Each structure stands twice: as structure tokens, then as C-alpha cells.
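To keep things clear, I will list the structure first and then write my remarks on it.
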Amino acid sequence: MITTMPEAYDISIDSHLRTTINTDLLRRACIAALKQGKVKRAQIELHVIGDKRMRAWNNEYLQHDYTTDVLSFDLGSQAELGLFGMLAVCRPFAQRFAKRRGISVDEELARYVVHGTLHLLGFDDHEEDERAAMWEVQEQLVANLFKQTKAKR
């Protein structure tokens, strides 16, 4: 008899800012991407940070001396415990892009969480064909999240 492990997602969210964060939306964004990748178990640390910390982390870990939208760190996996990862999303970066695109900061932050989680699942966006495939999945997940959010109102 084959038994399957139930889904178990431990998504911890830590805001390093003095602003309200829609943690429920960000948690659902991460879980949606994990489910897309057929991941049944995961432990993800999500940090919502500002420009200064994002630039410092981007420089320290990737040697890129500029702020960015999201950083993803694959911390490994174990069969019985699942995927371990850390994401850092930059709220001020999201604020700037959301304003340019005419969307909410929540939507842009959710997009970053989905994008970062997809990186943890092995998606890449360095080559144009990889980027197109990743963005197609990402944008579908974000669209679905916001359909659900509107339906809950």
C-alpha cells in the first residue's frame, strides 16, 4: 500500500519595515507556486525588506551592488521535510514598480514572492526562452491569486 504525505507548508513571514504587509496574500502566493511545482512539503522564510537591506544582501550574496525586487536562497531539501528556502522581497522596489504599472503594491509583492518561489523550484530567467516560460507561469499564478482575492470580498 502506497501512502502519500499530506501537504505541509510552513511559510514564516518577517517584515523588517514599519508598514502593514498582507501576510495572508504573500503566504498564498508562495503556496500557489509550490503547488504549481508539485511540492508537497516546504519550509520557507520570507523577509519583506527595504532598499538598503536589499542592496546589502544582493551585494553580499550575489556581488551585485544595487537593489533588486527579490532574492531566492535554496537551503536544500530532505525527503521527509521537503524544500527549505528563503526569500527576500523589497517593498519599496515593489512600490515604485506598482505605481508605474498602475497596480497595487500587494499585487507586485505577490508577483515577487511567486517569482522567487519559482526560482527555488528550478525555474530560471537568464535566457529569453526560459524567461518567457517562467513569466507565463508566474503571471498565471498571480492572476489566479487576484481572482481568488476578489471572490473572497
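Each reported figure results from applying straightforward, stated rules to the coordinates on display, with no laboratory input. These numbers were taken from a predicted model, which means no experiment stands behind them. Every residue, glycine among them, receives a Cβ derived from its backbone with ideal geometry; neighbour counts consider all protein chains shown.
Secondary structure note: in region 8-146, about 30% of the DSSP beta bridges are antiparallel. Highest mean packing comes first when the peptides 117-126, 10-19 are listed by Cβ atoms within 10 Å, giving 117-126, 10-19. In a fully extended conformation the segment linking D129 and S12 would gain 38.9 nm over its present Cα-Cα distance, using 0.36 nm per residue. For the chain, the spread of Cα coordinates along the three principal axes comes to 53, 41, 36 Å, biggest extent given first. Site pair E136 and L62 shows an inter-label distance of 2.4 nm when each label is modelled 7 Å from Cα along Cα→Cβ.
What 222 nm value per residue comes from the helices of the chain, counting each DSSP H run with n ≥ 4 as -39,500 (n - 2.57) and dividing by all residues, nearest 500 deg cm²/dmol? Spell out each step's value before the answer.
Numbers: 5 runs with 78 residues, N = 153.
Computed ellipticity for the chain at 222 nm equals -17000 deg cm²/dmol.
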